[in-house]
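For reference, the structure is listed below as C-alpha cells.
What follows draws every value from the coordinates through simple rules; no lab data is involved. Since the model is a prediction, treat every value here as computed from it, not as a measurement. Cβ atoms come from the backbone with ideal geometry, glycine included; neighbour counts cover every protein chain shown.
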Amino acid sequence: MGHLKKTILPILLTGIWLNISGTIKWIFFIESYWIEKYKNMKLVFPTELINNITWMIWGFLFATTIFILSKKFNLIQTTLISWFVAYVMMWVIVWNVGVLPTGMLWINVPLSLFEAFIGALICKRLSNK
C-alpha cells in the first residue's frame, strides 16, 4: 500500500492534472494559434481520436518524468528541468519542422511553467508523505 501511495498516486494525479490543465489551456488560449498556422500552410490540424489519445499518453509520460525528477531535485529544480525537457524541447522540434505558431508562446510559456510547477508540487507533496 505504501508503494501505491508514494509512487502510483502521485504519477496518476499529476497525469490527470496535466491532461486537464493542458486541455483547458488548449481550448481557451492556444487552439486558435495552431488552427490558423495549419490553415495558412494549407493543412488541417490533426484532431482525430488517436491524436487526443497520444496527448493523453504524453501527459502521463510527462507526469512520470516529473515524479522521477522530484526524487532527486527540489521543487523549483524539478519544475524547470521537467518544463525544459517536455515543453522547450518539443517547441524546438516543431519550430524546426516549420509548424510552431510562435504567436502562442507569449501565453503558452507561463501556462506550461505553471502546469509543470503544479505537477512537481503534487509529486513532491504526495511522494514525501
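For residue 23, what is the net charge nearby, where nearby means another residue's Cβ is under 12 Å from its Cβ and Lys, Arg count +1, Asp, Glu -1? Overall, the nearby charge balance is -1. Taking a straight Cα-Cα cut-off under 30 Å and skipping sequence neighbours fewer than 8 places away in the same chain, the lysines within cross-link reach of residue 72 are 5, 6, 25, 124, 129.
Between the C-alpha center of the range 70-129 and that of the range 1-55 there is a gap of 13 Å. With the largest listed first and rounded to whole Å, the semi-axes of the equivalent ellipsoid of the chain from the Cα gyration tensor are 29, 15, 11.
Sequence-ordered 3J(HN,Hα) estimates for the range 101-107 from the Karplus curve with 6.51, -1.76 and 1.60 and θ = phi - 60° stand at x, 4, x, 7, 5, 4, 9 Hz, glycine and proline given as x. For the range 82-91, 3J(HN,Hα) computed residue by residue from phi via the Karplus equation (6.51, -1.76, 1.60; θ = phi - 60°) reads 5, 4, 4, 5, 7, 8, 4, 5, 5, 5 Hz, glycine and proline entered as x.
Summing Lys and Arg as +1 and Asp and Glu as -1 over all other residues whose Cβ lies under 11 Å from the Cβ of residue 71 gives a net charge of +3. Of the trypsin sites (Lys or Arg not before Pro) found in the range 1-88, the ones in coil according to DSSP and having at most 11 other Cβ atoms within 10 Å of their Cβ are 42. The local environment of residue 109, defined by Cβ-Cβ distances under 13 Å, has a net charge of 0 under the rule Lys, Arg +1 and Asp, Glu -1. 3J(HN,Hα) couplings calculated from phi for the range 4-18 with the Karplus curve 6.51 cos²θ - 1.76 cosθ + 1.60 (θ = phi - 60°) are, in sequence order, 4, 5, 9, 10, 5, 4, x, 5, 4, 5, 5, x, 5, 4, 4 Hz; Gly and Pro show x. Rounded to the nearest 500, the helix-only mean residue ellipticity at 222 nm of the chain stands at -23000 deg cm²/dmol, with each DSSP H run of n ≥ 4 adding -39,500 (n - 2.57). Taking amide H as placed 1.01 Å from N in the peptide plane, the amide H of residue 100 sits under 5 Å from that of 95, each at least 5 places away or on another chain. The length gained on full extension between residue 125 and residue 102, counted as 0.36 nm times the residue separation minus their Cα-Cα distance, comes to 4.9 nm.
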